[in-house]
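The values are calculated or read from the model by the stated rules, or taken from the named source; none is laboratory data. What you are looking at is a predicted structure, and each value in this text was computed from that prediction instead of being measured. All Cβ positions, even for glycine, are placed from backbone atoms using ideal geometry, and neighbour counts span all protein chains on display. Surface accessibility is based on the protein's heavy atoms, side chains included, excluding ligands, DNA and RNA. Shrake-Rupley method; radii C 1.70, N 1.55, O 1.52, S 1.80 Å.
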Amino acid sequence: MDDESLDLYEKAIIEMDAENYQYAIDLFEKSYSLDSSNYSAIIGLGKSHSKLEYYGKAVQYYKQAEQIQP
């Protein structure tokens, strides 16, 4: 995983723990944009969207993650 992508991912996890889900989404998206094989960022996007009750979007991210790691 790219260092910058990893840094953004770790910050997103901190925001998730603080229940700042929208900011976590922004960070997960940036992390994923730097490393499109970042399975963990996609899972984080799914979890964040689920916490905000955006279930349709969450399912899309989980399906995308499944394509990276079946």
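Return yes or no: is Y9 within 11 Å of the chain's Cα centre (by Cα) and surrounded by 17 or more Cβ atoms within 10 Å (Cβ to Cβ)? Judged against the criteria, Y9 is a match. Within segment 17-70, how many residues turn out to be of a type in the set (A, V, I, L, M) and open to solvent by 30 Å² or more (accessible area, probe 1.4 Å)? Total satisfying the criteria: 6.
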